[in-house]
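Student: A single structure is presented below for examination.
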Amino acid sequence: MAQHQYYPEEVLVEKMERGEYGWLDYVNHFSAEWQEEYIRYCKENNLTISDETAAEFVHHKDEQLEAAMEAGDA
C-alpha cells in the first residue's frame, strides 16, 4: 500500500485554490479513513473513482456533519 501524506483541511483548501490538488487529491490526503470510506461510497453507488465522484463524496460528508450537528451529535 502506498504511503500517503495527510494534511489539515486548511492546507488542502490552499492546495486546491492554487490548482495543485483536485477533489480526488483532497480525499486521498485528508485521512486514511476518508480514503476507505470513499472507495466504499463508490462501490455502494456503482461510481468510478474520479475528481467528480470525490467532490460528490465530500459534499456527502458535509451533509453528514451538518445533520450530526443539528442532532447534537457533533
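Student: Per the 1.4 Å probe, what fraction of the accessible area of the chain, in percent, lies on carbon and sulfur atoms?
Tutor: Answer for the chain: carbon and sulfur cover 49 percent of the accessible area.
Student: Further, regarding this structure: Can you pull out the trypsin sites (Lys or Arg not before Pro) in region 16-50 whose DSSP state is coil and whose Cβ has at most 14 other Cβ atoms within 10 Å?
Tutor: The qualifying sites are Arg18.
Student: With every protein chain kept in place and ligands, DNA and RNA left out, what is the accessible area per residue of the chain? Probe 1.4 Å, answer in Å².
Tutor: On a per-residue basis, 72 Å².
Student: Determine the distance separating the Cα centre of region 43-74 from the Cα centre of region 1-36; give it in Å without decimals.
Tutor: Taking the Cα centre of region 1-36 as reference, the centre of region 43-74 is 15 Å away.
Student: Rounded to the nearest 20 debye, what is the charge dipole size of the chain about its Cα centre when +1 sits on each Lys and Arg Cβ and -1 on each Asp and Glu Cβ?
Tutor: Taking the Cα centre of the chain as origin, the dipole is about 320 debye.
Student: Just to confirm a number: summing +1 for Lys and Arg and -1 for Asp and Glu over residues other than Cys42 whose beta-carbon lies under 13 angstrom from that of Cys42, what do you get?
Tutor: -4
Student: Name the GluC sites (Glu not before Pro) in region 17-54 that are in a loop by DSSP and that have at most 16 other C-beta atoms within 10 Å, would you?
Tutor: For GluC sites (Glu not before Pro) across region 17-54 that sit outside H, G, I, E and B with at most 16 neighbouring Cβ atoms in 10 Å, the list reads Glu20.
Student: Per DSSP H run of at least 4 residues, take -39500 (n - 2.57); add these up for the chain, divide by its residues and hand me the 222 nm value, nearest 500 deg cm²/dmol.
Tutor: When only DSSP H runs of four or more count, the value is -21000 deg cm²/dmol.
The values are calculated or read from the model by the stated rules, or taken from the named source; none is laboratory data. What you are looking at is a predicted structure, and each value in this text was computed from that prediction instead of being measured. Quick reminder, even Gly has a Cβ in these numbers, built from the backbone with ideal geometry, and neighbours come from all protein chains shown. Surface areas here come from the heavy atoms of the whole protein model, side chains and all, with no ligands, DNA or RNA. Shrake-Rupley method; radii C 1.70, N 1.55, O 1.52, S 1.80 Å.
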